[in-house]
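The structure appears below as structure tokens.
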Amino acid sequence: MRTTEETEGFDGEASNTSMISGASSPYQPTTEPVHARNMLGGIRCDVEYLRSYFGIFKVVEVVLSLIAFICIETIMLCSPCGGVYFFEFVSCSAFVVTGVLLLIFTLNLHTKVPHINWSLTDLVNTAVSTLFFFLSSIVLTCINHNTGAEIAAVIFGFLVTGVYGVNTFLAVRRWRRGNGCQGAAQTSEYIRARTASRGEMESRPELA
């Protein structure tokens, strides 16, 4: 019969052997799954953005642009067709670009690319969409043949122009407010640096 010391010795050898075999095993757990979960965890639906003014405007713009595009696509005959093609291009482009920006802001993907000024990007998109939707709606109004699809496209074109216009106004205010805060921060940094430099000069009169 084995004594207690022999049993403990065998247990110690077994535990050491398992540790060695575990260390040399090619199937070691890594931190990659945890890292992957952390990366995926940064992508989440920002409900607060969807409830904000900019989120609501984005959703309305995407919906109205899509409806305007569908209306202009139902036109079978046109002469001339330049205004129809122009309105079709504007409505499709606005739907795609605004939809992509809505997806980026909703999923917080813009935080992954911080070197891009997203406020300015949103401002440019809304301003350009406002201008081109207004122009295309005016052109379609002048050359339409009073069909139901053309009239509906014109109505939705002016509606989405108004929405984009209000969004542009709010985006300009947000962009100016952001630039003002950044400028104030830079000014305060400069003042602190000058104050620290003066204090160093006063404490070391030999540098004067």
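The values are calculated or read from the model by the stated rules, or taken from the named source; none is laboratory data. Just so you know, these numbers come straight off a predicted model, no measurement behind them. We place every Cβ from the backbone using ideal geometry, glycine too, and count neighbours over all the protein chains shown. SASA here: full protein model, heavy atoms, side chains in, ligands and nucleic acids out. Shrake-Rupley method; radii C 1.70, N 1.55, O 1.52, S 1.80 Å.
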Normalized C-alpha radius of gyration of the stretch 127-174, against 2.2 N^0.38 Å?
-> 1.27
Residue by residue through the stretch 43-49, which ³J(HN,Hα) values in whole Hz follow from phi under the Karplus form 6.51 cos²θ - 1.76 cosθ + 1.60 (θ = phi - 60°), with glycine and proline marked x?
-> 8, 9, 7, 8, 5, 5, 5
How much accessible surface does Leu135 have with a 1.4 Å probe, in Å² rounded to 10?
-> 70
For Leu170 and Leu109, compute 0.36 nm times the residue count separating them, minus their Cα-Cα distance, and round to one decimal in nm.
-> 19.8 nm
Can you pull the one-decimal nm distance between simple spin-label points at Tyr49 and Leu131, each 7 Å off the Cα toward Cβ?
-> 2.6
For the stretch 47-195, accessible area per residue (1.4 Å probe, heavy atoms of protein chains only), Å² | 56
Counting only protein heavy atoms and using a 1.4 Å probe, what share of the accessible area of the stretch 122-175 belongs to carbon plus sulfur, as a whole percent?
-> 82
Full-stretch length increase - Leu77, Asn146 - with 0.36 nm per residue and alpha-carbon distance subtracted | 23.6 nm
Along principal axes, Cα extents of the stretch 47-195, largest first, whole Å | 72, 29, 21
Long-range HN-HN contacts of Cys78 with modeled amide H, under 5 Å = none
